[in-house]
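A short worksheet on the structure shown next.
The values are calculated or read from the model by the stated rules, or taken from the named source; none is laboratory data. What you are looking at is a predicted structure, and each value in this text was computed from that prediction instead of being measured. So basically every Cβ, Gly included, is an ideal-geometry build from the backbone, and we count neighbours across all protein chains shown. To get the accessible areas, we keep the full protein, side chains included, count just its heavy atoms, and leave off ligands, DNA and RNA. Shrake-Rupley method; radii C 1.70, N 1.55, O 1.52, S 1.80 Å.
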Amino acid sequence: MTARYFAPTGGHPPQEQLLTDRAVFTDAYAVIPRGTMRDIVTSFLPFWSETRLWVLSRPLSGFAETFSQYIMEVSPGGGSDRPETDASAEGTLFVVDGTGTITIDGAATDLRPGHYVYLPPATNWSFANNSNTPVRFHWIRKAYEPVDGLPLPDPIILHEEDVAPTPMPETDGKWATTRFVDPKDLRHDMHVTIVTFEPGAVIPFAETHVMEHGLYVLEGKAVYRLNQDWVEVEAGDYMWLRAFCPQACYAGGPGQFRYLLYKDVNRHMTLRPAASGF
């Protein structure tokens, strides 16, 4: 079955619509429903033409500090020859709608929904939409944490269809993770995966861990436990979790519940501010 991925298109609700919504921001988590991704909250980036974006998360002191996540919308003829202005930033792209072309070190690859791209820091890349419709993709950025003795990771371009999901033990395959990076490859300090639950599947305990999370619901609906609350989420919603926020899930059906997941991994915990001495 071909995967489906929700992508926002902007616009505005009518004046007759009531204000009630599911948006919430707490000291442990945030839920940004798909209905909040309107034209009025889009932004633009230097050196990107015919492009707008929704900022879903950004480093925020005292909350989640490791990453930012955008939904990029590149119109026909748009793109960038200088997409990343921070040489220390690594990035992951995941295409949810439309087609585009990424060029890495002179090699061009056509992307379609379901394509995953990992970009190490200081990568020479560009992006173009040569089609007749917009292309929309997630762009997750993180300041890479180098380790003496470990080389930089290599660029990666994969499609979800080419990666077999890994089932969680003792779940009969009802809970599985599509991993685009080998978890044992310690060059990587972040993972972006796709988590899939079959209808009725659960996370049967309150996960509580150091990893920060960004969870964008690609498909389906569920009830998600965030800290002390159960919240309803559906395709297009975004959940933003600080470290140690308890979390669990019940997939409501009738179809699969799937989300794009960010987490930081594989590094020592920083014990002092970067600028401090000893």
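Of note:
- Hits in the stretch 106-129 (condition: hydroxyl-bearing (Ser, Thr, Tyr), over 18 Å from Ser49 (Cα atoms) and not in a loop (DSSP other than H, G, I, E, B)): Thr109, Tyr116, Tyr118
- When Phe180, Phe205 are screened for being open to solvent by 10 Å² or more (accessible area, probe 1.4 Å), within 29 Å of Pro33 (Cβ to Cβ) and touching a helix residue (DSSP H, G or I) at 6+ places or on another chain (Cβ under 9 Å), only Phe180 passes.
- The one condition from (1) within 24 Å of Gln256 (Cα to Cα); (2) surrounded by fewer than 17 Cβ atoms within 10 Å (Cβ to Cβ); (3) in contact (Cβ under 8 Å) with a residue 40 or more places away in the chain that Val95 does not meet is (2).
- Qualifying residues in the stretch 161-180 (those that are of a type in the set (Gly, Ala, Ser) and within 18 Å of Leu261 (Cα to Cα)) - the one farthest from the chain's Cα centre (by Cα): Ala164
- Residue count, the stretch 223-247 (criterion: of a type in the set (S, T, N, Q), in contact (Cβ under 8 Å) with a residue 24 or more places away in the chain and out of contact with any Asp or Glu (no Cβ under 6 Å at 6 or more places or on another chain)): 1
- Looking only at residues in the stretch 75-88 that are crowded, with 20+ Cβ neighbours inside 10 Å and out of contact with any Leu (no Cβ under 9 Å at 6 or more places or on another chain), the one that is farthest from Leu152 (Cα to Cα) is Gly78.
- Residue pairs meeting the criteria (Cβ under 7 Å; at least 6 apart or on separate chains; first within 15 Å of Thr109 (Cβ to Cβ), in the stretch 152-165; second polar (S, T, N, Q) and in a loop (DSSP other than H, G, I, E, B)): Pro155/Thr123
- Given (1) at pLDDT below 95; (2) outside any loop (DSSP other than H, G, I, E, B); (3) among the acidic types (Asp, Glu), index of the condition Glu16 fails: (2)
- Residue that is nearest to Thr123 (Cα to Cα), among those in the stretch 183-200 that are open to solvent by 10 Å² or more (accessible area, probe 1.4 Å) and in a loop (DSSP other than H, G, I, E, B): Arg187
- Search result, residues across the stretch 132-163 that are open to solvent by 30 Å² or more (accessible area, probe 1.4 Å) and over 15 Å from Arg187 (Cα atoms): Asn132, Thr133, Pro134, Arg141, Ile157, Leu158, Glu161, Asp162
- Residue satisfying condition, being at pLDDT 95 or above and assigned to a loop (DSSP other than H, G, I, E, B), within set Thr133, Thr103: Thr133
- Some residue of the stretch 268-275 being under 21 Å from Val96 (Cβ atoms) and touching a residue at least 40 places away in the same chain (Cβ under 8 Å): no
Let's see how each residue does on (1) surrounded by fewer than 14 Cβ atoms within 10 Å (Cβ to Cβ); (2) under 22 Å from Ile102 (Cα atoms); (3) without any contact (Cβ under 8 Å) to a residue 24 or more places away in the chain:
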site: Gly11; (1), (2), (3): yes, no, no
site: Glu16; (1), (2), (3): yes, no, yes
site: Thr20; (1), (2), (3): yes, no, yes
site: Thr26; (1), (2), (3): no, no, no
site: Arg38; (1), (2), (3): no, no, no
site: Val41; (1), (2), (3): yes, no, yes
site: Trp48; (1), (2), (3): no, yes, no
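- Residue match in the stretch 266-274 (condition: outside any loop (DSSP other than H, G, I, E, B) and surrounded by 15 or more Cβ atoms within 10 Å (Cβ to Cβ)): no
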